[in-house]
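J.: Pasting a structure here, questions to come.
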Amino acid sequence: MDLLERFNVIIVVKISGVEKTELEQLRRELLISKHVSSSEWFVGKHSLTHERLKRHLSNQKKKFHITRNDSSHSSTSSSQIQNDYESLLISALTKLKELLVGQIALLFTNSCEDYSKLKKEMTRHVSIKPARVGSIVKEDVYFQGPTRLDPMWMSMFLQNNIHPKIRMGQIEFPKKRQILKANEDSHKPIE
């Protein structure tokens with residue numbers, strides 16, 4: 001992974017549910033913004049990313065082991081500095097590997113003058129999308145009040161064991177009814 005050697009800063013970006021066009025637009029806008037200069041995006045499969053990171057980690061350990069053996073005659077302070085650097089780098093790479101969960105992209109850069117401005121720029125591109133079948137719900141979902149739905153849709157609710165009322169020519173939920181629970185599959189019905 002030559003990106004790890006070329007760049008100083010790695011920003012992990014969660015891209016779950018983000019479409020390719022949105023990601024491309026974000027990439028283009030970050031290139032012209034002043035928050036991140038000289039950067040590169042890496043979006044790849046987890047298995048490949050983990051494998052490349054593991055290989056890079058292994059190569060770094062070998063490199064440090066060879067360097068340590070070659071410089072056994074060097075001073076104690078430089079040896080201590082190298083040991084500290086080695087353990088810090090290996091620890092950072094291990095933590096990075098643990099962060100590679102879910103759909104993510106890595107933004108590699110050499111300078112990030114103001115992280116808060118970069119985060120603000122990126123959150124401008126966050127959009128709310130309807131739930132897809134199989135997606136995990138982030139918070140409880142409830143139905144309550146009028147729906148503006150025609151009474152012909154009543155059977156759909158009744159088939160799903162939801163009992164609304166018809167009021168003034170539209171379907172209404174007189175009581176607050178939980179439809180989905182947080183952190184559950186959106187396809188799984190509530191009993």
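J.: Quick one: net charge of residue 26's neighbours, Cβ under 10 Å, K/R +1, D/E -1?
T.: On the way: positive: 27, 28, 124; negative: 22, 24, 29, 121.
Taking every other residue near residue 26 into account, the sum is -1.
J.: Only counting other Cβ atoms within 10 Å, I'd like 147, 49 sorted with the fewest neighbours first.
T.: Ascending number of Cβ neighbours within 10 Å: 147, 49.
J.: Only Cα pairs under 8 Å and at least 6 apart count here; give the relative contact order of region 130-191 as a rounded whole percent.
T.: 49
J.: Straight distance only, please: which aspartates and glutamates reach the Cα of residue 117 with their own Cα at less than 14 Å, same-chain residues fewer than 8 apart left out?
T.: Cα-Cα hits under 14 Å: 29.
J.: Order these by the 10 Å Cβ neighbour count, fewest first: 52, 167, 148.
T.: 148, 167, 52
J.: Compute the signed sum of charges (Lys and Arg +1, Asp and Glu -1) over the other residues within less than 13 Å, Cβ to Cβ, of residue 100.
T.: Details: positive: 14, 45, 52, 54, 95, 97; negative: 51, 98.
Cβ neighbours under 13 Å give a net charge of +4.
J.: Let me ask you something else. On alpha-carbon atoms, Rg over Rh for region 130-191 using Kirkwood Rh?
T.: Answer for region 130-191: 1.00.
J.: Take the residue pairs 14/62; 138/175; 20/176; 14/63 and return only those whose Cα atoms are more than 30 Å apart.
T.: Violating the 30 Å Cα-Cα cut-off are 14/62; 20/176; 14/63.
J.: Lys and Arg at +1, Asp and Glu at -1: add these up for the other residues within a Cβ distance under 12 Å of residue 174 and post the number.
T.: Values: positive: 165, 167, 175, 176, 177; negative: 172.
Value of the local net charge: +4.
Rule-based calculations on the coordinates, nothing more; no lab input. Not measured: the values here are computed from a predicted model. All Cβ positions, glycine included, derive from the backbone under ideal geometry; neighbour counts span all protein chains shown.
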